[in-house]
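Structure first, then comments.
The values are calculated or read from the model by the stated rules, or taken from the named source; none is laboratory data. Bear in mind the structure is a predicted one, so any value in this text is a computation, not a measurement. Counting neighbours? That spans all protein chains shown, and the Cβs are built from the backbone with ideal geometry, glycine included.
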Amino acid sequence: MLMNWKNYCGKTVEELLDDTSFVALVKQSRSEECLPPETMEPEDWVELMRARSFILDMSELSPDLLLDEKDKLHLWQSIQKEAGFSGGNRKVRRSVLLNVWRPVAAVLVLAFVAGAYFIWSGQELDSTYVFSGRENVESMSSPFLVLEDGAHIRLNEQESEVVVLKEQRVIQIGKDSLVRYTSRRGTEGEIQAMNEIVVPYGTHTKMVLSDGTKVWLNAGSKLAFPSEFNTQERMVFLEGEAYFEVARDVVPFIVKVKDMRVNVLGTAFNISAYPDDPGIETVLLKGRVALETGSGLRTRSQVMQPLQKATFNRTERRFLVEETSNAMAFVSWKEGWYTFSNEGLAAVLQKMERYYNIHFTYDQEVLKQALPITGKLDMRLGADTVFAIVAKVSKVDFIKDGNSYALRLP
């Protein structure tokens, strides 16, 4: 059964959850129609995505638990307060929960008892993937692949390439080496085992996933991916920075990073989510993506259009979206160069540290007096040449000190 999404445009999440026909159709058509079409208005697309996600999340819990009217009202009041509902028709808003109870119903109290309370009270359940890589990316000399069975395979090339060949059921490393995998394709509700690629500072890696999606991993990044995707979603986990060219498919492609997830069907975008950065930066080159943070009723979504940059502030937990005239400048790192526009020296140094796997020492006074950087910086010229260029532009000196570089004012 296919969903006719247009019949539900113009409705809020509460109204969609109160529509028993919408709830029933979402639950029945989850495998045939995974997402609303990209041609839909962004506002409608966000509301439908949030309602659909909520219904499917609740459907995973037991539908057998019953709840009396007093418990329903208490639970709804808690959700209403924490989700920020105020004003409007309170009778209608309360009826959302009481009427939804018929199709997805008492599962809410099970979610409340089992842990959804923490979501609605502002504490999000952390579903971030835990990478198994033993080495720290700062101390590694070359990237490596961790297979589903735990085996470690070191990738010798500084710019290695890994390709999942689904038909042959092997993972190709470089141009010659082949590693056979035995995991079967996941089915609905199945937790998939993951392979991992760990890319240290000073290196880059390109890979092709089993669906044909291409991924470029920047220095200091990690990616977890299944040998074959399941029938419901194509999900990968990222720590660091990557550029994705997603193969188009009706099955949604999801990139999960700490504090956020990106939902797409087929598109090209760059995401930078290093754990020590204050925010997550996403730049969309083509297609459409929806960024999500939070869970359940506390979900916050942001739909991006091509040539936009969205920055998620981890502290304030909000999105800032702005137009960008040169989106390609944000993915030029995969070609070996960066473009800066009035960029502070601290941000430039951070990229240089990751690219060359080096460390800078400096005090704040140096940063205050250094001039901002504007222009194209070709990292392939070599560290010493690049340092000389940055030193000349920013009006600071680079002095080698053992395995690191100290910055001084002239």
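I need a count of the residues in the range 14-36 that are modelled with pLDDT of 70 or more and within 15 Å of Asp249 (Cα to Cα). The total comes to 1.
So that you can scan it fast, the table gives a plain yes or no per residue for (1) over 27 Å from Thr203 (Cα atoms); (2) not polar (S, T, N, Q):
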| position | (1), (2) |
| --- | --- |
| Leu320 | yes, yes |
| Thr324 | yes, no |
| Ala327 | no, yes |
| Lys334 | no, yes |
| Met352 | no, yes |
| Val366 | yes, yes |
| Ala388 | no, yes |
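For the range 362-384, the set of residues classified as over 24 Å from Asn326 (Cβ atoms) and loosely packed, with under 13 Cβ neighbours inside 10 Å consists of Asp363, Gln364, Glu365, Lys368, Gly382, Asp384, listed by residue number.
Given the condition over 21 Å from Gly279 (Cβ atoms) and of a type in the set (Val, Ile, Thr), answer yes or no: does some residue in the range 340-353 qualify? Looking for residues that are over 21 Å from Gly279 (Cβ atoms) and of a type in the set (Val, Ile, Thr), one finds none in the range 340-353, hence no. Kindly check whether there is at least one residue in the range 239-262 that is assigned to a strand (DSSP E or B), hydroxyl-bearing (Ser, Thr, Tyr) and farther than 21 Å from Ile173 by Cβ. There is no residue in the range 239-262 that is assigned to a strand (DSSP E or B), hydroxyl-bearing (Ser, Thr, Tyr) and farther than 21 Å from Ile173 by Cβ. Would you mind listing the strands (runs of 3 or more DSSP E) fully within the range 362-410 where at least 1 residues are more than 24 Å from Thr339 (Cβ to Cβ) and at pLDDT below 90? Ranges flagged: 397-401, 404-408.
In the range 247-260 there is no residue that is over 26 Å from Tyr181 (Cα atoms) and free of Cβ contacts under 8 Å to residues at least 24 places away in the same chain.
For the range 386-398, check the following and say yes or no: at least one residue is touching an Asp or Glu at 6+ places or on another chain (Cβ under 7 Å), surrounded by 13 or more Cβ atoms within 10 Å (Cβ to Cβ) and without any contact (Cβ under 8 Å) to a residue 60 or more places away in the chain. Within the range 386-398, one or more residues are touching an Asp or Glu at 6+ places or on another chain (Cβ under 7 Å), surrounded by 13 or more Cβ atoms within 10 Å (Cβ to Cβ) and without any contact (Cβ under 8 Å) to a residue 60 or more places away in the chain.
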